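The structure under discussion appears below in the form of C-alpha cells.
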Amino acid sequence: DGADTNVLSDSIVVTVPVPRARVSTDSLVFEFAVLRSQAELVFEITNIGKAELVVGVVVSGLDSADFVVSPAHFSLARGEGPQELKVVFQPTSAGSKKANLVISHNAANSPSVIWLTGGAVLPADFDGNYSVDFDDFFLLVSQLDVKPVTSRNIRYDLNKDSLVTHEDVFLFVAFWGQ
C-alpha cells in the first residue's frame, strides 16, 4: 500500500510513507542491428508508493559500451509516473552483445535489473552469421533491380539511393571476408 507500519507501543502506531518502484520489464532484446547504426527500445518506471522515488540507472557488463540509457537520473513524486526510459543499442563490433541495466532507487526492492541483449552484424552480412560470404552475395544478387525498394529489401541498398543495383554489388565487395 506504499507505507510501512511500525507499532511503537500498545497505543501508538506510526505509518511511514515509502516509495515503491514498478519496472515494466526485466529484459530488453534488440534484434540484429547493423554495425555502427543504432536501435532503441523503451521501458517505464512508475512510483506506486506514497513517498518520493529517487532513481539512478547505469549500464554494466562486458558490452556496456554498446548500450546507452536516458535519463540516467530522475525522481518521481508520490504515485507519479510512468517515467519512460530509452535504451539505445549502438554496437561497435559484430557479434552477440549482453549487458545489464542496474536501476538503483530508494525503495525496498532496490536494485532492479534489466537484462540487455542484442546482435550486431556488418552492413553486408544479410544472413546474420557475422561474416560476409557467398550466402550474402547470393542474397544481394537476388534483389538486384527489384523495384520498388521496400522495408523488406532496403537493407540491400548499401549506397542508400533507394535502388538495389550493381553499384551496391561494388560496395558489397569492400565487406567481403569480414
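The values are calculated or read from the model by the stated rules, or taken from the named source; none is laboratory data. Please read these numbers as outputs of a predicted model, since none were measured by experiment. Heads up, the Cβs are rebuilt from the backbone with ideal geometry, glycines too, and the neighbour counts pull from every protein chain shown. For accessibility, only protein heavy atoms count, side chains too; no ligands or nucleic acids. Shrake-Rupley method; radii C 1.70, N 1.55, O 1.52, S 1.80 Å.
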(request) Show the residue pairs that are 6+ apart or on different chains and have beta-carbon atoms under 9 Å apart, the first residue being within the range 160-178 and more than 16 Å from Asp127 (Cβ to Cβ), the second being assigned to a helix (DSSP H, G or I) and open to solvent by 90 Å² or more (accessible area, probe 1.4 Å). (result) Asp161/Glu167
(message) Taking the condition of being under 30 Å from His73 (Cβ atoms), outside any loop (DSSP other than H, G, I, E, B) and either at pLDDT below 90 or open to solvent by 50 Å² or more (accessible area, probe 1.4 Å) (or both), how many residues in the range 109-128 meet it?
(response) 4
(message) at pLDDT 95 or above and either surrounded by 12 or more Cβ atoms within 10 Å (Cβ to Cβ) or more than 14 Å from Ile103 (Cβ to Cβ) (or both): is that true of Val68 in this structure?
(response) yes
(request) Please work out which one of (1) of a type in the set (Val, Ile, Thr); (2) open to solvent by 60 Å² or more (accessible area, probe 1.4 Å); (3) within 18 Å of Gln38 (Cβ to Cβ) is the condition Val173 fails and give its number. (result) (3)
(request) Test Val58 against the stated conditions and say whether it is of a type in the set (A, V, I, L, M), farther than 30 Å from Asp157 by Cβ, open to solvent by 40 Å² or more (accessible area, probe 1.4 Å) and out of contact with any helix residue (DSSP H, G or I) (no Cβ under 9 Å at 6 or more places or on another chain). (result) no
(message) Can you tell me how many residues within the range 92-108 are at pLDDT below 90 and open to solvent by less than 60 Å² (accessible area, probe 1.4 Å)?
(response) 3
(request) Please enumerate the residues belonging to the range 159-169 that are crowded, with 17+ Cβ neighbours inside 10 Å and assigned to a helix (DSSP H, G or I). (result) Asp168
(message) Give me the residue from the range 129-158 that is surrounded by 13 or more Cβ atoms within 10 Å (Cβ to Cβ) and polar (S, T, N, Q) and, out of that set, nearest to Gly119 (Cα to Cα).
(response) Ser131
